[in-house]
Every structure is written in structure tokens, then in C-alpha cells.
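Derivation of every value follows stated rules applied to the coordinates shown; laboratory data play no part. It should be emphasised that the depicted structure is a prediction, and the values quoted were computed from it without experimental measurement. In this analysis, Cβ positions are derived from the backbone assuming ideal geometry, glycine residues included, and neighbour counts consider all displayed protein chains.
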Amino acid sequence: MSTIDKFAGKPLRWNDGAIVHAVQSTQVEGEPMLWTLCDRDVPDGEAIDEDVTVTCPACLRELSVEP
């Protein structure tokens, strides 16, 4: 199963009302599944494909890890 973190070249993000998270996505049986790098499920239709600054400390730690 492959994951993506961009749509149309822009990073996927989710604002939970308090902080902005980095989002990853995949498809399972044709349906999109989205979650944050800090392992929170993203509600349907709430991910945005904008280059906004991630403010979630846990997502930022995951983004800073070198592969």
C-alpha cells in the first residue's frame, strides 16, 4: 500500500481547530483514507492541499526525521 502526502504538488494538511497537522493518504478498496503524522484520523473532506505551516509538535517531529 503506497501513501501520498501531496495532492497536485501541494502538501496535505488538516486544521483540527487548534493546530495544523501534516497528512498522509492512501486508498483502500477505492476509498481514500487520511491520517496525520501523529496518527489521528482526518474526517472526510477536511484535508486541504495548501502549503500552510504545520504547527502540531508531533507532526513536526515526524517531518524532521531523515529517512
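Here are a few things to note about the model shown:
- Toward the positive end of the charge dipole of the chain, with +1 on the Cβ of Lys and Arg and -1 on the Cβ of Asp and Glu, the farthest Cα among 14, 28, 58 is that of 58.
- Geometric descriptor of the chain, per residue, is 97 Å³ (volume of the convex hull of the Cα atoms).
- Relative contact order of the chain, pairs being alpha-carbon contacts under 8 Å that are 6 or more residues apart, as %: 33 percent
- Magnitude of the charge dipole for the chain, about its Cα centre and with charges confined to Cβ atoms of Lys, Arg (+1) and Asp, Glu (-1), is about 220 debye.
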